[in-house]
1. I'm checking my understanding of the structure. Among residues of segment 105-132 that are outside any loop (DSSP other than H, G, I, E, B) and over 15 Å from the mean Cα position of the chain (by Cα), which one is nearest to residue 34 (Cα to Cα)?
2. Look through segment 76-129, keep the residues that are closer than 23 Å to residue 25 by Cβ and of a type in the set (S, T, N, Q), and return whichever of them is surrounded by the fewest Cβ atoms within 10 Å (Cβ to Cβ).
3. Return yes or no: is residue 30 under 20 Å from residue 103 (Cβ atoms), modelled with pLDDT of 95 or more and of a type in the set (Phe, Trp, Tyr)?
4. What is the residue count in segment 138-157 for residues that are part of a helix (DSSP H, G or I) and surrounded by fewer than 11 Cβ atoms within 10 Å (Cβ to Cβ)?
5. Test residue 87 against the stated conditions and say whether it is in contact with an Asp or Glu (Cβ under 8 Å, 6 or more places away or on another chain) and either among the basic types (Lys, Arg) or without any contact (Cβ under 8 Å) to a residue 24 or more places away in the chain (or both).
6. Return yes or no: is residue 160 in a strand (DSSP E or B), under 12 Å from the mean Cα position of the chain (by Cα) and at pLDDT 95 or above?
7. Please work out which one of (1) free of Cβ contacts under 8 Å to residues at least 40 places away in the same chain; (2) of a type in the set (D, E, K, R); (3) crowded, with 21+ Cβ neighbours inside 10 Å is the condition residue 55 fails and give its number.
Amino acid sequence: MTDHGEVVVVRWPGQALPVDDSVAALLAAYHLRTEAEKGESVADVHGLPDRYRAEITDPRTAFAGDVVLVALLGDAAAGCLVVTSPVDGRSEIKRLWTDPGFRGRGIASALLDAALAHAAENGVATVRLSVWEWRTGAIALYERLGFTVTRPWDERDQLVCMQRSA
């Protein structure tokens with residue numbers, strides 16, 4: 001567990017906290033917003049691609065072997081982030097999301113700090129992530145934390161790939 005002032009970051013599953021439904025809700029909000037930003041707006045989670053719907057309907061299975069971090073403000077799940085299991089000394093950060101009602105309180109920074117600490121504790125040499133180029137605020141945050149743009153491993157148009165040492 002990591003404490004950033006009011007923000008507490010916990011590992012899910014594993015903490016004795018009732019956040020299962022909250023994790024699904026955070027992932028749903030992340031995917032719905034991302035699809036809308038890509039110009040592929042869908043009305044609800046049923047319109048999402050199968051791989052994203054699977055994360056929402058059964059996050060325990062979708063992220064089995066990975067670590068899901070959840071930021072709590074009091075009893076409210078305010079954000080989430082996934083750290084993939086290491087492969088060849090690398091882990092990837094995925095699904096960083098802060099509920100819009102809780103933004104501006106350091107939640108994304110707390111989640112990223114906890115993710116980087118987790119990676120370092122588990123012998124990860126490099127942490128990487130991908131972010132849509134229009135998410136300039138997220139890119140600026142990643143750069144402040146030492147991430148740099150690198151050669152893409154994902155060739156989707158408008159996706160920026162970044163990495164840093166753990």
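1. Of everything passing the filter in segment 105-132, 126 is nearest to residue 34 (Cα to Cα).
2. The qualifying residue surrounded by the fewest Cβ atoms within 10 Å (Cβ to Cβ) is 109.
3. Against the criterion (under 20 Å from residue 103 (Cβ atoms), modelled with pLDDT of 95 or more and of a type in the set (Phe, Trp, Tyr)), residue 30 qualifies.
4. 2
5. Considered against the rule, which asks whether it is in contact with an Asp or Glu (Cβ under 8 Å, 6 or more places away or on another chain) and either among the basic types (Lys, Arg) or without any contact (Cβ under 8 Å) to a residue 24 or more places away in the chain (or both), residue 87 comes out as no.
6. Answer is no for this residue.
7. The failed condition is (1).
The values are calculated or read from the model by the stated rules, or taken from the named source; none is laboratory data. Everything numeric in this text was worked out from a predicted model, so none of it was measured. Neighbour counts run over all protein chains shown; Cβ positions are idealised from the backbone, glycine included.
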